[in-house]
Structures are given as C-alpha cells and as structure tokens.
C-alpha cells in the first residue's frame, strides 16, 4: 500500500500497450462487492482463498498484461512461489521505506480501512514498518527489486520497462 503499484502499473501498461489489471479491482468486479465488505463477510482467510482463486484464474489466461497485486497477496497460500514458477511472468518488488510510505498514505488514510484509525504520522510509520518486516521475506522473492524512494514515476516506469524487454 502506497508504493506506487497502481500509478506505475498503469503508466507502464499504457507505454507498452498492455492491459492493466489490479487484482483487488478484479476481485471486486467478479464478486460484485468491495474488498472491505468481502473481508467483513468471509474474514481474512476467506478473502485470501478467493484472492488465490482469482490469481490462478488470471495467470492461467496467458495474458499480456501488467498485473498489480495487493500487498498481502504474495504472503499467503504460497502465492509468491506460484507466481514465480510461471515462466511467462516477471515479478517486480517496488521497495519503499516506511517513512516514505507513511508520508504518502497519511492524507488518504481515511479511504483505506486498514489504516483509517491511525491519527498520527508516527503511528502510521510504525504500522507500515511492522507490515513490511512481516512481508519482506515474500517480497524479496520477486525477480526484480526497484527502490522507489525519491524517484519519479517516469523514472521508475523507464527502469521497469528496460527490465521487462
């Protein structure tokens, strides 16, 4: 959350004339409900099972697309191993420091249920650091690692574009 997956993914897809698919948006469309309502209805484990189902659905279609995953997607049900075993796909970890993530997310936290309760920037940074600490072992399994701190979207898109050719 906040690393730039959607913005960078959309720019990259446009530049390469590919479709852009946000996995969370795909799930919302298929389930005809929001992610937060899905969490309420089936719990996190139920959501993660559905997430895996739709991930398999997308990756089995031989798509030519840029796919943005949710931040937790690689961490459950061996998803990261499933993804990296797919030879037709390349994986990119957009590495962003907790301080940068917190500064990007603070103003929009009311629109993000996981962080809406955090009223102080320091609390958001701590929350972000904790989640990164838990998730980094999965994220670093990605084929490519790109640091996003203090870099423009254009620069990042250009770097990723070179990696994917």
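Just to be sure before I move on: is residue 94 over 27 Å from residue 54 (Cα atoms) and touching a helix residue (DSSP H, G or I) at 6+ places or on another chain (Cβ under 7 Å) in the structure I sent? Spelling it out, it is not the case that residue 94 is over 27 Å from residue 54 (Cα atoms) and touching a helix residue (DSSP H, G or I) at 6+ places or on another chain (Cβ under 7 Å). Only one of the numbered conditions (1) modelled with pLDDT of 90 or more; (2) in contact with a strand residue (DSSP E or B) (Cβ under 8 Å, 6 or more places away or on another chain); (3) over 17 Å from residue 140 (Cβ atoms); (4) outside any helix (DSSP H, G or I) is not met by residue 86, and that is (2).
Applying the selection to segment 129-160, what residues are in a helix (DSSP H, G or I) and touching a strand residue (DSSP E or B) at 6+ places or on another chain (Cβ under 7 Å)? Across segment 129-160, the qualifying residues are 139, 156, 159, 160. Restricting segment 55-70 to residues that are part of a loop (DSSP other than H, G, I, E, B) and touching a strand residue (DSSP E or B) at 6+ places or on another chain (Cβ under 9 Å), the residue that is modelled with the highest pLDDT is 69. Among the residues making up segment 105-128, those that are at pLDDT 90 or above, outside any loop (DSSP other than H, G, I, E, B) and either out of contact with any helix residue (DSSP H, G or I) (no Cβ under 8 Å at 6 or more places or on another chain) or farther than 28 Å from residue 13 by Cα (or both) are 121, 122, 123, 124, 125, 126, 127.
The values are calculated or read from the model by the stated rules, or taken from the named source; none is laboratory data. Quick caveat: nothing in here was measured; it's all calculated off a predicted structure. Cβ coordinates were reconstructed from backbone atoms using ideal geometry, including for glycine residues, and neighbour counts include every protein chain displayed.
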